[in-house]
Ligand code: NAD
Ligand code: UDP
Ligand code: UDP
């Protein structure tokens, strides 16, 4: 009589995996502003299964309400600074507060999220063989001395300032991505995201577009931080999501700038919001915060050439879409 044991049964999970062709996609920070729009887009494809992990620091379940209970969707409360065990094919790693008031609120936590959080997601990518995309930021260029900023520019960042938890944190995250790529062969993608706006931004998160729109709707003065000549370039969220998916699906590691090259001073932005939303509001000049970059505009040559991507929505067309969402959430009707 043979004493050898029968081979172990394949687990039901492995068995179904053998037949399925679904793409299992993890989105960290998926309950946030950009993450929830990304999830909406990914869920449109019936071959995608989406897992969101989020600690709800700046995001909310409300942003994902329509997917809760959907058979191809799963939402997990989890902090990325802790190890995570899931089986996935792709990881969109967005988890990190993006608004200066939130990332400065607990700077030690912000840098842990950027460094330990990214390390954990890379460890996960290594274990399961997943491709991982990091949403880095134009803040890696700091207060740039080259304008517009190409990906080859190494930046002008204060390593000990109040923004450093975020911008130096993202710089280390980019370093980790490339070290895992070179040392362990992990498939990586890095997007350097420039200022993005659209529906679902936190109303009081302190970012300039959400501030101005909320102020205009509440009939409060628009607070332009001095000198008001500092510039930013604003990308509508649907364009951003399109760029991120193209980067993930393409063959280039990046870093690739994703943003809208249309550049505005903060005074011009205030004038535009005033004209489009509430011509009666005043514009007030207020004190600025330390280390505020004086100019920012993406050079998107690489995104155009390598991803065939460029933004479609102009600021004047995107602002009214955001206004509509803010009106609903603030309960301010158009007739007022
Ligand atoms: P957001 O604050 O709306 O979303 C971030 C999400 O991450 C939130 O849902 C939050 O709860 C979650 N989160 C934060 N810390 C976490 C942690 N430790 N564990 C798990 N979840 C955590 O911000 P956003 O505008 O959607 O930004 C998304 C990503 O894009 C961020 O990585 C940000 O750095 C990057 N980015 C955004 C912009 C922009 O203009 N919005 C610009 C550059 C880069
Ligand atoms: N990690 C994780 N999920 C996994 C695999 C790893 O969260 O599925 C974490 C792990 O806890 C570690 C980090 O990712 O802190 C880096 O993992 P790696 O295997 O690269 O390094 P090591 O564990 O050898 O330090
Ligand atoms: N800003 C402003 N009024 C506000 C909030 C911000 O004038 O109510 C300015 C701020 O000084 C900066 C720009 O708007 O120059 C963009 O700030 P935000 O916090 O939106 O994003 P950042 O690009 O600095 O991360």
| field | Qualifying residue in the range 182-197 (condition: away from ligand 3 (no atom under 13 Å from the Cβ), farther than 22 Å from residue 287 by Cβ, in a helix (DSSP H, G or I) and touching a residue at least 12 places away in the same chain (Cβ under 8 Å)) | value | yes
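Which one of 173, 191 is over 30 Å from residue 331 (Cβ atoms), within 16 Å of ligand 2 (Cβ to nearest atom), at pLDDT 95 or above and crowded, with 19+ Cβ neighbours inside 10 Å?
Numbers: 191 fails: within 16 Å of ligand 2 (Cβ to nearest atom).
Only one candidate passes the filter, namely 173.
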| request: Pull up the range 68-81, narrow it to residues that are free of Cβ contacts under 8 Å to residues at least 40 places away in the same chain and either closer than 26 Å to residue 107 by Cα or crowded, with 19+ Cβ neighbours inside 10 Å (or both), then point me to the one that is farthest from ligand 3 (Cβ to nearest atom). | output: 73
| task | Run down 61, 104, 47, 41 and say which single residue is in contact with a strand residue (DSSP E or B) (Cβ under 8 Å, 6 or more places away or on another chain), within 25 Å of residue 198 (Cα to Cα) and surrounded by fewer than 24 Cβ atoms within 10 Å (Cβ to Cβ). | result | 61
| query | Just for helices (runs of 4 or more DSSP H) wholly inside the range 236-336: which have at least 1 residues that are more than 16 Å from ligand 1 (Cβ to nearest atom), closer than 13 Å to residue 209 by Cβ and modelled with pLDDT of 95 or more? | reply | 266-277, 315-330
| message | Just to check your reading of the model, which residue among 150, 221, 144, 199 is more than 20 Å from the chain's Cα centre (by Cα), at pLDDT 95 or above and either buried (at least 22 other Cβ atoms within 10 Å of the Cβ) or more than 16 Å from ligand 2 (Cβ to nearest atom) (or both)? | response | 221
| Taking the range 45-67, which residues are more than 24 Å from residue 203 (Cβ to Cβ) and more than 19 Å from the chain's Cα centre (by Cα)? | 45, 46, 47, 48, 49
| task | Among residues belonging to the range 248-265 that are surrounded by fewer than 24 Cβ atoms within 10 Å (Cβ to Cβ) and under 19 Å from residue 198 (Cβ atoms), point out the one that is nearest to ligand 2 (Cβ to nearest atom). | result | 261
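Taking the conditions exactly as written (touching a helix residue (DSSP H, G or I) at 6+ places or on another chain (Cβ under 6 Å), surrounded by 15 or more Cβ atoms within 10 Å (Cβ to Cβ) and touching a residue at least 12 places away in the same chain (Cβ under 8 Å)), does residue 133 satisfy them or not? Please lay out each step first, then the result.
Working: touching a helix residue (DSSP H, G or I) at 6+ places or on another chain (Cβ under 6 Å): yes; surrounded by 15 or more Cβ atoms within 10 Å (Cβ to Cβ): yes; touching a residue at least 12 places away in the same chain (Cβ under 8 Å): yes.
Against the criterion (touching a helix residue (DSSP H, G or I) at 6+ places or on another chain (Cβ under 6 Å), surrounded by 15 or more Cβ atoms within 10 Å (Cβ to Cβ) and touching a residue at least 12 places away in the same chain (Cβ under 8 Å)), residue 133 qualifies.
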| Residue count, the range 192-235 (criterion: within 13 Å of ligand 1 (Cβ to nearest atom) and closer than 20 Å to residue 150 by Cα) | 9
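Quick grid of which residues meet (1) within 18 Å of residue 171 (Cβ to Cβ); (2) within 16 Å of ligand 3 (Cβ to nearest atom); (3) in a loop (DSSP other than H, G, I, E, B):
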| position | (1), (2), (3) |
| --- | --- |
| 62 | no, no, no |
| 83 | no, no, yes |
| 110 | yes, yes, no |
| 126 | no, no, no |
| 133 | yes, no, no |
| 145 | yes, no, yes |
| field | Condition broken by residue 124, with the remaining ones in (1) out of contact with any helix residue (DSSP H, G or I) (no Cβ under 8 Å at 6 or more places or on another chain); (2) buried (at least 20 other Cβ atoms within 10 Å of the Cβ); (3) modelled with pLDDT under 95 satisfied | value | (3)
| remark: Just one listed residue, out of 223, 229, is in contact (Cβ under 8 Å) with a residue 12 or more places away in the chain and assigned to a loop (DSSP other than H, G, I, E, B), and it is 229
| Within the set of pairs 6 or more residues apart or between chains, which connect a residue that is under 13 Å from residue 176 (Cβ atoms) inside the range 103-116 to a residue that is part of a helix (DSSP H, G or I) and within 16 Å of ligand 3 (Cβ to nearest atom) with Cβ atoms less than 7 Å apart? | 111/165; 111/169; 114/169; 114/170; 115/169
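The values are calculated or read from the model by the stated rules, or taken from the named source; none is laboratory data. This structure is a prediction, so every number in the text was calculated from the model and none was measured. Reconstructed Cβ throughout: ideal geometry from the backbone, glycine too, with neighbour counts over all protein chains shown.
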